[in-house]
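Trainee: This is the structure I have questions about; it appears just below.
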Amino acid sequence: MIRIKKRTYSTFKIIILTALCCCALTDVYAQVVTVSNNLLYDGVLTPNLRVGLRVAPHWSVGMTAGYRPWPTDDVSTRKLRHLLLSPSVRYWTDSVNVHHFFGANIIYSHYNVGGIKFPFGLYKSVRNERRQGDLVALGIFYGYSWPLGRFFNLEAMIGAAIGYTSYDRFECVHCGQMLGHEKKLFGMPQAALNIVINIPGRPAKLREAEEPVVVVPPPTTATEEAQPEPFEPVVRLVPDFTGRAGQLQKDNPVLAHISQYKPYDRTRIMRRDKDALYVHFPLAKSVLHTDFRENESVLERIVDITRQIMADTTSSVKVIQIIGLASIEGPIAGNEKLATNRALALQHYVQEQLQIPDSLFDTVGGGEAWADFRDQLAECVTTEPQHSEELQQALDIIDSESDANIREQKLRRMNGGRTWKYIKEHILSDQRNSGYVRIFYDYVPDKAAKVINEASELLTTDCIDCHREALRLLQTVRNDERAQNALGVALWLCGQQDEALECFRRAAANGNSDAQENLRRLEAMTTTK
């Protein structure tokens, strides 16, 4: 077992008292506590815990403790018994528990180690002998903290320490004579991968963008004069700027973000996609005629939309998907070739109008459109009661006959050809087309919107440190018009009222409804004083 000597106990008391003094000097209102566990330390079977405490907008203190009492018997040949205590101080470049931090720590340990092979060739002398003693070291480190939600962070840290140790050497790891007593300086690495619990949690997420969020102003002290109508500013999330493609998508549902792209398979019912555009062909033909049905207007839309996106620097065309289809009439081999040629005809037409490489096209011959045909047939069963019985018979043939050629022949012979005549006139004519056209795009990530929305979340709290951090973030995007209202809120909550009014007026002049409402509330406050 680890036996704490008298001098060890005195050192332990000094370290604990130092940590308690740091905590006692903390402003109670500003306290934010973190409790964390080092997963790397767990890897050597050492229970450990760190408690951190914010003491200023950019500073925190903490105490780390680790204790491994096993193996508890003196017969075991391998030992890594130890007690570790380490008070530390951290400086955060943004605000406490956010992103980068630098720090320094004191490390104290009482240890009983032997028969252990440390990684990277460290401490080779304890592989064949046992050492028991104490060490004290001073260390420095750098780390980064990633938020994992309101209550958790993932924290990585790396550093080094230099210290002094005093220990007894023994002949072997569990028995034998004492070989002597030594004192020396040493260096050691530091590393941690911490799971951190935030107490209390981070600010809750804002509600949906269309709902204004009321920002609660900081609490006033008893000596401050209460206002008849306290100013409660509003701020909301801003949407990502998705470039010209995102603007066009509002009125052109044929456009979709590349994340929605799916390769074609023949089980898909293309007619269910109401956002696609269709270009039609005459019976048994693959020549594209602009004056056939609505082809002219559809082709103009496809070319115009594609041209505008290609001219934009903030968005780009990623895939133009064209699925060629043919009706179920005639031999399968002929219809396969016909569907492919129809899809290629549309691709070539677009390429004649615009300089687009083949690599941007996903052009597929879908063959006979049996999935669409069956879906439309089933729809007619419910919408055409005078033909429902015979159309249901046609559905039964499709579902029971796997050979497409035989299936078609059975449909042609039904009811002396009467059912087939109805099918040709009311269903098959719409299947003589290139099938399906969708344009998929991507856009440059809107980093400014991400910053504005992160700051807006911080503004929903009554934490002055969060307001300062929000102001710092918004200053980095202050030239973006979307940031002006949130920047005004941050300035107001941080006491810079003249600058806040300038931001509100600028945003209101550009049509920001939240800024207009904030100005109205400020004017109401002025008139009631």
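Trainee: Could you tell me which residue out of LEU377, GLY366, LEU338 lies farthest along the dipole of the range 333-386 toward its positive end? Charges go on the beta carbon: Lys and Arg +1, Asp and Glu -1, centred on the Cα centre.
Mentor: LEU338
Trainee: Rounded to the nearest 10 Å², what accessible area does ASP498 have for a 1.4 Å probe in the complete protein model?
Mentor: We get 110 Å² for ASP498.
Trainee: Now, a different point. Considering only protein heavy atoms, what per residue accessible area in square angstrom results for the range 433-529 with a 1.4 angstrom probe?
Mentor: 44
Trainee: Cβ neighbours within 10 Å, averaged per peptide: list 79-88, 244-253, 486-495 in order, most packed at the top.
Mentor: My ranking of the peptides, most packed first, is 486-495, 79-88, 244-253.
Trainee: Mind grabbing the accessible area of SER359 for me, 1.4 Å probe, Å², rounded to tens?
Mentor: 100
Trainee: Give the separation of the Cα centroids, the range 265-324 to the range 433-482, in Å.
Mentor: With the range 265-324 and the range 433-482 each reduced to a Cα centre, they are spaced 33 Å.
Trainee: With a 1.4 Å probe and all protein chains kept in place, how much accessible area does ILE158 have, in Å² rounded to the nearest 10?
Mentor: Accessible area, nearest 10 Å²: 110 Å².
The values are calculated or read from the model by the stated rules, or taken from the named source; none is laboratory data. Since the model is a prediction, treat every value here as computed from it, not as a measurement. Reconstructed Cβ throughout: ideal geometry from the backbone, glycine too, with neighbour counts over all protein chains shown. Note: areas computed on protein heavy atoms with side chains; ligands, DNA, RNA excluded. Shrake-Rupley method; radii C 1.70, N 1.55, O 1.52, S 1.80 Å.
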